[in-house]
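The values are calculated or read from the model by the stated rules, or taken from the named source; none is laboratory data. On a predicted model such as this, the values are computed, not experimentally measured, just so you know. Here the Cβ is made from the backbone with ideal geometry for all residues, glycine too, and neighbour counts use every protein chain on show.
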Amino acid sequence: MNRQEALELLRLSPTAGTHEIRTVLFQYYEQLLEGSSEDGWEDRLGQLTEIRDTLMNPGSATISPSEHVLTGAADMLDPAQLPDHVHVLLYHQGLQETIHTLRFEARDLVLAFENEFTARKYTQQLAQNQCFQPWAERFGTQEILEFCEAAGYGFLLVPTSEMVQPPQQTVDELKTL
């Protein structure tokens, strides 16, 4: 797949910039997460991964989706395009804090927001849907990436222009590292 084909599949113009591409990719990933129980989602994931690799990692080979689903920001974005800081959601678990993740395939993804307002809005939605009360906290992006790498978590960046909805299914208990 070449750049023009990838942009056409995303319904973007040939002059689309990195931010616009990231935003549209995020929307497609979010839709895919919502419909992950539908038939054919693995094929759509494979195509979306190929599009992402073509647009965000020119010249790199496509890696199978099972090995490459949002495993890290460097896989999905040019590190120079990442914000210096992100907002992640935390919970109290006894005397420890635990980080909010989304489960996709067999992988936990840390949800990191570029925008504090969006992160706080998401915490309010989560609090309405479950018994845990999260809060948004600002961290250096590099610190969160290192945490994700050490803990074996994936990383999902929510662009400033996006609002996300919490999943319908939640966990009954928190786990700590």
Take T160 and decide whether it is at pLDDT below 85, under 16 Å from the mean Cα position of the chain (by Cα), closer than 19 Å to E30 by Cβ and not in a helix (DSSP H, G or I).
-> yes
Counted residues in segment 84-119 being among the small types (G, A, S) and surrounded by 18 or more Cβ atoms within 10 Å (Cβ to Cβ) come to 2
Might you let me know whether segment 26-45 holds any residue that is at pLDDT 80 or above and either of a type in the set (V, I, T) or outside any helix (DSSP H, G or I) (or both)?
-> no
Meets criteria (at pLDDT 75 or above and not in a helix (DSSP H, G or I)) for R103 | yes
Restricting attention to segment 10-40, which residues are more than 16 Å from the chain's Cα centre (by Cα), surrounded by fewer than 17 Cβ atoms within 10 Å (Cβ to Cβ) and within 23 Å of E105 (Cβ to Cβ)?
-> S37, E38, D39, G40
If you go through segment 1-21 one residue at a time, how many are in contact with a Pro (Cβ under 7 Å, 6 or more places away or on another chain) and free of Cβ contacts under 8 Å to residues at least 24 places away in the same chain?
-> 1
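Among the candidates L48, L90, single out the residue that is more than 12 Å from F155 (Cβ to Cβ), modelled with pLDDT of 90 or more and outside any loop (DSSP other than H, G, I, E, B).
On the way: L48 fails: modelled with pLDDT of 90 or more.
Answer to the selection: L90.
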